[in-house]
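Notes follow once the structure below has been shown.
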2 protein chains.
Amino acid sequence: MIVQKYGGTSVADTGRIRSVAGRVAGAKQAGYDVVVVVSAMGDTTDGLLAMAEELAPSPNARELDLLLTAGERIAMSLLSLAINAAGYPAASYTGSQAGIITDTAHGRAKIIDIRPGRILQALEQGNIVIVAGFQGMSTALDVTTLGRGGSDTTAVALAAALGAEFCEIYTDVPGVFTADPRIVPEARKLHAVSYEEMLELAASGAKVLQLRSVEYARTHGVKVHVRSSFNDDPGTWITEEDVRMEQAIISGVAADNSEAKITIEDVPDRPGIAAAIFRAVADEGAGVDMIVQNVGRDGKADVSFLVPKADLRRISAVMDRVLKEFGAARHLIDDDIAKVSLVGAGIKSHPAVVAEMFAALADEGINIEMISTSSIRVSCVIRAGDSERAVRAVHAKFGLGEDARGVRDHE
Amino acid sequence: MIVQKYGGTSVADTGRIRSVAGRVAGAKQAGYDVVVVVSAMGDTTDGLLAMAEELAPSPNARELDLLLTAGERIAMSLLSLAINAAGYPAASYTGSQAGIITDTAHGRAKIIDIRPGRILQALEQGNIVIVAGFQGMSTALDVTTLGRGGSDTTAVALAAALGAEFCEIYTDVPGVFTADPRIVPEARKLHAVSYEEMLELAASGAKVLQLRSVEYARTHGVKVHVRSSFNDDPGTWITEEDVRMEQAIISGVAADNSEAKITIEDVPDRPGIAAAIFRAVADEGAGVDMIVQNVGRDGKADVSFLVPKADLRRISAVMDRVLKEFGAARHLIDDDIAKVSLVGAGIKSHPAVVAEMFAALADEGINIEMISTSSIRVSCVIRAGDSERAVRAVHAKFGLGEDARGVRDHE
């Protein structure tokens, strides 16, 4: 059994849906039981969201989820009709019908259980099964959505629950690259990356896969194959790190322009304050990235961190409230930044990589404003306008486009 | 408590949705508990249907229903968001969430039960409740649709189940008229019609209300008020026949161009044959209208009847199959016809009305091809091209536009 997931561009119009139907039928003919997860057609979801915002500046989360799930419902039933018309029995299921049970966090719900009874029954009856991505039913019996890119998570979670051989994610790019090919033309497609590297790449702004879907795949050991729905070329496998990967140092470089920087000045240097601040942010359900605190002076410190621009207004309001309690002076917002990250399993054993990355940026005259490192990633916050130049410089510095030292080349 | 239903043109865009939200809020402020039933925005359903037909010439009925129900889901959640934004708590429910249980006849499901637990709970919590029209959940737990105009039935059925005071049907016309005002400019809006008259008008091509919703209203004694969503004028009440109506003879004249005529020639004049023919048509779920059989000659008869043009191809195939069994020669199809009907509670006690209608058509040189009468209706099948002229002639003959003899005038 395999799970295939098709993104919005892959089902953007009836012509594309028919072509996806052909691909799905091909997998069925090749002997697989096939479960297909679909996103909404093209920019349907954005269109629905725009109407909602026009009517309600702060839309009610439960109602918004009911609205947004209409997109996948349309795509899944059209795909099912197209597969049926091609002569293969098919049946489509909403998230709720497919037994995808989530928590009650509307707009960013987490899958907490999958009860695939109806899907298994439909498969046994010989059907190709289509499932609406991005959605589930909460424990309170309400319709929920999993957040942007949630269809990837639906696919991986179904693959895990059904014990599928692997999960194919069909998208509008051919796989995972050493850098965004639109910025770095000589970027190369990777044959394979480990879950950990893919996690860091996703967190660093590579938009190929939703971060949570990679976490889910790692936790449940689901083999994921990211590939293009526009041709038959193999894409990138995301799996356990294995022997073949051992020699690789750097997987790729990514830039993220979707975050803004918040700096809190003059935070009293007492225990519990940072915890209170970030607890308040977490309660808003917003992700925080790259928390940096400088050395305190006069018993006060500056704390900077990144948040998604989409959450900025909300979090800024939280800051106003929380900081008052702690007597911190104020917070500053800077949304003209970019985060450039270098990711590779070899970084932990090659400390020189960090210095070389800084050198690459310095050579370009690019100022580094914040630094954060993990064992397999180095991230630098720079001015937004320097982002593409930085990616090109780092990509070139490590020779990622060529068949050069330390670069993985299994293709 | 009241139930309001808004049709597709009433929620065609975000501006219209906002205006509906205002009207709903007004009813809430006037002290009512409000349940709102919505159709899909504008021509959303037609757009979905067109995509489905492009992908699958004979779409699978279960999948098609999943697709089509997306339209009402979008409209209901947007309306709920708009009402919330206006400061009134609101919650929206799909047909399945609202407990609308149907049989399993996809595309033309019948409501068999309403379990309004969640709706009542939401009302108790002070919410305005929005329900998606046109849809339900079958006893097999699949999503179903109720057929064209099914939202009217949803509204009336909910009004009955909830014991609502009345059911307001908001539409793009101001009420029920003595004739279609686009054809007869002097047509008058009726203040009230009985369920029976409305049934006949709906069956005669007046498109104000879905036929089944009127049947449902009559069976359950639901008072229905059909009115415009574009202004505050009172519309037409559909209720029990009462004393005020006693003097009325004619309610209106309607034309229906949506049907085609099937004529079966040389049907053996034996018992059971007509039953077999119309059993086969009924098994297809198609409605049959105006069955007329002439006097048999040589042991054979001709049978004519009307069917919706939309079902014509399907029924024609059934005829081919059934007629072979009975040795009937063949069936002829004529889709260039119109049915013109005169409806009025007084027809039964005023036999001259029938003759006067025929005279009105004869005066215009319009040939009558089939006749069918009930106690409160006379219908004539004529050439499609004569339809508008016939309506104007009959309307004038009975002085329906003026304050003339026999015409109801309660306004």
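The values are calculated or read from the model by the stated rules, or taken from the named source; none is laboratory data. A quick note: this is a predicted structure, and the numbers were derived from the prediction, not measured. A quick note on method: Cβ atoms are made from the backbone with ideal geometry, for glycine too, and the neighbour counts reach across all protein chains shown.
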A:T263 passes all but one of the listed conditions (1) in contact with a helix residue (DSSP H, G or I) (Cβ under 9 Å, 6 or more places away or on another chain); (2) at pLDDT 85 or above; (3) in the same structural domain as A:A301 (by TED's automatic domain parsing); the exception is number (1)
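In this structure, does A:G95 turn out to be assigned to a loop (DSSP other than H, G, I, E, B), within 14 Å of another protein chain (Cβ to nearest Cβ), within 27 Å of A:R227 (Cβ to Cβ) and not β-branched (V, I, T)?
Taking the combined requirement at face value, the residue satisfies it.
Those residues that are part of a strand (DSSP E or B) and surrounded by 23 or more Cβ atoms within 10 Å (Cβ to Cβ), I need them from segment A:193-224; list them, please. Walk me through it before giving the result.
From segment A:193-224, those part of a strand (DSSP E or B) are A:193-194, A:224; that's our starting set.
Listed by number, the residues that qualify are A:V193, A:V224.
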When (1) part of a helix (DSSP H, G or I); (2) surrounded by fewer than 23 Cβ atoms within 10 Å (Cβ to Cβ); (3) within 11 Å of chain A (Cβ to nearest Cβ) are applied to B:A82, the one that fails is (2)
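Could you grab me the full set of residues in segment B:48-63 that are among the aliphatic types (A, V, I, L, M) and at the interface with chain A (Cβ under 7 Å from one of its Cβ atoms)?
Across segment B:48-63, the qualifying residues are B:L48, B:M51, B:A52, B:L55, B:A56.
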Exactly one of A:R182, A:R212 is away from chain B (no Cβ under 14 Å) and either closer than 26 Å to A:R62 by Cβ or in contact with a Gly (Cβ under 9 Å, 6 or more places away or on another chain) (or both), and that residue is A:R212
Only one of (1) of a type in the set (G, A, S); (2) in contact with a Cys (Cβ under 8 Å, 6 or more places away or on another chain); (3) assigned to a loop (DSSP other than H, G, I, E, B) does not apply to A:A159, and that is (3)
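Give, as residue ranges, the strands (runs of 3 or more DSSP E) completely inside segment B:296-347 that count at least 2 residues that are crowded, with 17+ Cβ neighbours inside 10 Å and at negative phi.
Hits in segment B:296-347: B:300-308, B:337-343.
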Filtering segment B:175-223 down to residues that are under 24 Å from B:G133 (Cα atoms) and in contact with a Pro (Cβ under 9 Å, 6 or more places away or on another chain) yields B:G175
Given the structure, is B:V156 surrounded by 21 or more Cβ atoms within 10 Å (Cβ to Cβ), of a type in the set (V, I, T) and under 23 Å from B:S372 (Cα atoms)?
no
The one condition B:L361 fails out of (1) under 19 Å from B:I183 (Cα atoms); (2) out of contact with any strand residue (DSSP E or B) (no Cβ under 8 Å at 6 or more places or on another chain) is (2)
Matching residues in segment A:4-50 (free of Cβ contacts under 8 Å to residues at least 12 places away in the same chain and buried (at least 21 other Cβ atoms within 10 Å of the Cβ)) number 0
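Residues of segment B:27-47 being more than 20 Å from B:R148 (Cα to Cα), touching a strand residue (DSSP E or B) at 6+ places or on another chain (Cβ under 7 Å) and either part of a helix (DSSP H, G or I) or within 14 Å of chain A (Cβ to nearest Cβ) (or both), which ones?
Step one: list which residues in segment B:27-47 are more than 20 Å from B:R148 (Cα to Cα), which gives B:27-35.
So of that shortlist, the ones also touching a strand residue (DSSP E or B) at 6+ places or on another chain (Cβ under 7 Å) come out as B:27-28, B:32, B:34-35.
Listed by number, the residues that qualify are B:A27, B:K28.
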Filtering segment B:317-376 down to residues that are among the small types (G, A, S) and closer than 27 Å to B:A286 by Cβ yields B:A317, B:G327, B:A328, B:A329, B:A338, B:S341, B:S372, B:S374, B:S375
Exercise. Out of curiosity, is A:P185 surrounded by fewer than 19 Cβ atoms within 10 Å (Cβ to Cβ) and over 20 Å from A:A203 (Cα atoms)?
Worked result: yes
Output for Cβ contacts, cut-off 8 Å, separation at least six or different chains, first residue free of Cβ contacts under 8 Å to residues at least 60 places away in the same chain in segment B:272-289, second in a loop (DSSP other than H, G, I, E, B) and surrounded by 14 or more Cβ atoms within 10 Å (Cβ to Cβ), reads B:I273/B:A328; B:F278/B:V288; B:V281/B:V288; B:A282/B:V288
